[in-house]
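Read the structure below first, then the notes.
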Amino acid sequence: MAVVSVSMPDELLDRIDEFASEHGYTGRSEVVREAARNLMGEFEDQRLEGRDLIALVTVVFNYETTSVEQRLMALRHSHDSLVTANLHSHVSDAYCMEVFVLEGELTDISEFVGQIRAIQDTLTVDYSVTPVDSIEHMIESA
């Protein structure tokens, strides 16, 4: 097995060590391997391929110490055809939440989420994906 060196903030490393201990992992390598497998599998869902999708992407960041908001807006404007709505909200005293509503294909949504995750200093990036035809089917059935 290859050995890989990864840089990460001390706080994240502490969380990984604590997680490994609390959940019975043999060490941080096992946690990182599982996280990588899960991340790689997120957008490999064959049921979503070739379908028109809507996605909700939520990003939380500390606005006092970073330029995340600026980078998110640049990303938003470079994906104008994908982003159908965008909401900015203040959370607590030092945090902001950016919510993006996307409509498009899996590869485009995957790329957008990946680019957000690559922005340094984002605290959380969560998303959900729903096929548009599933929504249309629910409406027709009602």
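Coordinate-derived values only; no laboratory data. No experiment lies behind these values; they were computed from the predicted model shown. Heads up, the Cβs are rebuilt from the backbone with ideal geometry, glycines too, and the neighbour counts pull from every protein chain shown.
Between Arg51 and Arg117, the FRET efficiency from the beta-carbon distance, with R0 = 30 Å, is close to 0.85.
Taking the Cβ of each residue in His23, His79 as the centre, tally the other Cβ atoms inside 10 Å and list the residues starting with the fewest.
Details: His23 10, His79 17.
Going from sparsest to densest Cβ surroundings: His23, His79.
With r defined as the distance between the Cβ atoms of Ser89 and Val6 and R0 fixed at 35 Å, what FRET efficiency is calculated, to the nearest 0.05? Between Ser89 and Val6 the formula returns 0.65.
The angle between the Cα long axis of helix 10-22 and the longest principal axis of the Cα atoms of the chain comes to about 90 degrees, rounded to the nearest 10. Neighbours of Ile119 by Cβ distance under 11 Å: Lys/Arg scored +1, Asp/Glu scored -1, total -1. Within the chain, all pairs of alpha-carbon atoms sorted by distance into 5 Å bins from zero give the percentages 2, 8, 15, 17, 16, 16, 13, 8, 3, 1, 0.
For region 45-110, applying the loop criterion from DSSP together with a ceiling of 14 other beta carbons within 10 Å to the trypsin sites (Lys or Arg not before Pro) yields Arg51. Rounded to the nearest 10 degrees, the angle from helix 106-117 to the longest Cα principal axis of the chain is 40 degrees.
Based on the mean of other beta carbon atoms within 10 Å per residue, what is the order of 112-118, 63-69, most packed first? Mind showing how you got there, number by number?
On the way: 112-118: 16.3, 63-69: 13.7.
Ranking the peptides 112-118, 63-69 by packing returns 112-118, 63-69.
Among Glu22, Glu49, Glu105, the residue with the largest mean-square fluctuation in a Gaussian network model of the chain, with springs joining Cα atoms closer than 10 Å, is Glu22. On C-alpha positions alone, give me the angle between the axis of helix 28-41 and the longest principal axis of the chain, in degrees, nearest 10. Compared with the principal axis, the helix lies near 10 degrees.
Rank these for me by crowding, Ser7, Ser92, going from fewest to most other beta carbons within 10 Å. Intermediate values should be presented prior to the final figure.
Numbers: Ser7 5, Ser92 9.
Ordered from fewest to most neighbouring Cβ atoms within 10 Å, Ser7, Ser92 come out as Ser7, Ser92.
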